[in-house]
1. Is any residue of region 96-134 close enough, with backbone N under 15 Å, to a label point placed 7 angstrom from the Cα of His63 along the Cα-Cβ axis, and if so, which?
2. Work out which GluC sites (Glu not before Pro) in the chain are exposed loop sites (DSSP not H, G, I, E or B, at most 13 other Cβ within 10 Å) and give the longest gap free of them.
3. For region 22-114, what is the convex hull (Cα atoms) projected area averaged across all directions, in square nanometres?
4. For region 1-43 and region 60-116, write down the distance between their C-alpha centroids in whole Å.
5. Count of lysine pairs in the chain with Cα atoms under 28 Å apart, counting only pairs 8 or more residues apart in sequence or on different chains?
6. Counting other C-beta atoms within 10 Å, and keeping those with at most 14, which DSSP coil trypsin sites (Lys or Arg not before Pro) do you find in region 55-147?
7. Multiply the residue gap between Thr141 and Glu11 by 0.36 nm, knock off their C-alpha separation, and tell me the result in nm, one decimal place.
8. For a paramagnetic label modelled at 7 Å from the Cα of Thr91 toward its Cβ, which residues of region 1-32 fall within the zone defined by backbone nitrogen distances under 17 Å?
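What follows draws every value from the coordinates through simple rules; no lab data is involved. Note that the coordinates shown come from a computational prediction; the quantities given were computed from them, not determined experimentally. Here the Cβ is made from the backbone with ideal geometry for all residues, glycine too, and neighbour counts use every protein chain on show.
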Amino acid sequence: MRRPVDPAKREDYPANIQAILKRRAPAAVWLNQDILQIDTDEGWCRIAYDLGEVHFNRFGALHGGSIACVMDDVLSVAAGLVLQWGEIAPTLEMKVSYLNQGGAGKHFAEARVIKRGRTVNFLEATLASDAGKVVATASATIMIAPLKKKESGNKEA
């Protein structure tokens, strides 16, 4: 069942949404991510992104890399909705199709799991402007993996 996301009710959501509402990733902050709706049965989500000049290419349109970043973000949120506690969903591959030029303003992305396997899930997503013009579509393959905890005293280079 699709339901709105209320940050004040963080404990009512799956682990990935709880984690996002507790502390957003720097990339999500840069994209001005706002999770609007989720459906844990379908592995579906709808997220708003407020995109502007920092996301543009030199010609004043949304940069392809910024669009790909949005797509990877929304796909990862959808992937996380169908995981068990202690699992993560690293992206194995993602294909983005750029359909129309995007500009400044609110954009909406939707993603869903189209097939869940034992160790691999397949997903698809769309990104549209506030006016409804589809800017891009994407498909992705993600791996289901256990979350590995860092050993204490281990420092990354």
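1. Taking a point 7 Å out along Cα→Cβ of His63, the residues of region 96-134 whose backbone N falls under 15 Å are 102-104.
2. Values: sites that count: Glu151, Glu156.
Free of exposed loop sites, the longest segment is 1-150.
3. On the way: hull surface 26.3 nm².
If I average the Cα hull's projected area over directions, I get 6.6 nm².
4. Using only Cα atoms to place each centre, the spacing works out to 14 Å.
5. 17
6. Values: sites: Arg58, Lys95, Lys106, Arg112, Lys115, Arg116, Arg118, Lys133; in loops: Arg58, Arg118, Lys133.
Within region 55-147, the qualifying trypsin sites (Lys or Arg not before Pro) (loop, at most 14 other Cβ atoms within 10 Å) are Arg58, Arg118, Lys133.
7. Numbers: separation 130, 0.36 × 130 = 46.80 nm, distance 2.85 nm.
Here the segment from Thr141 to Glu11 would lengthen by 44.0 nm.
8. 25-32
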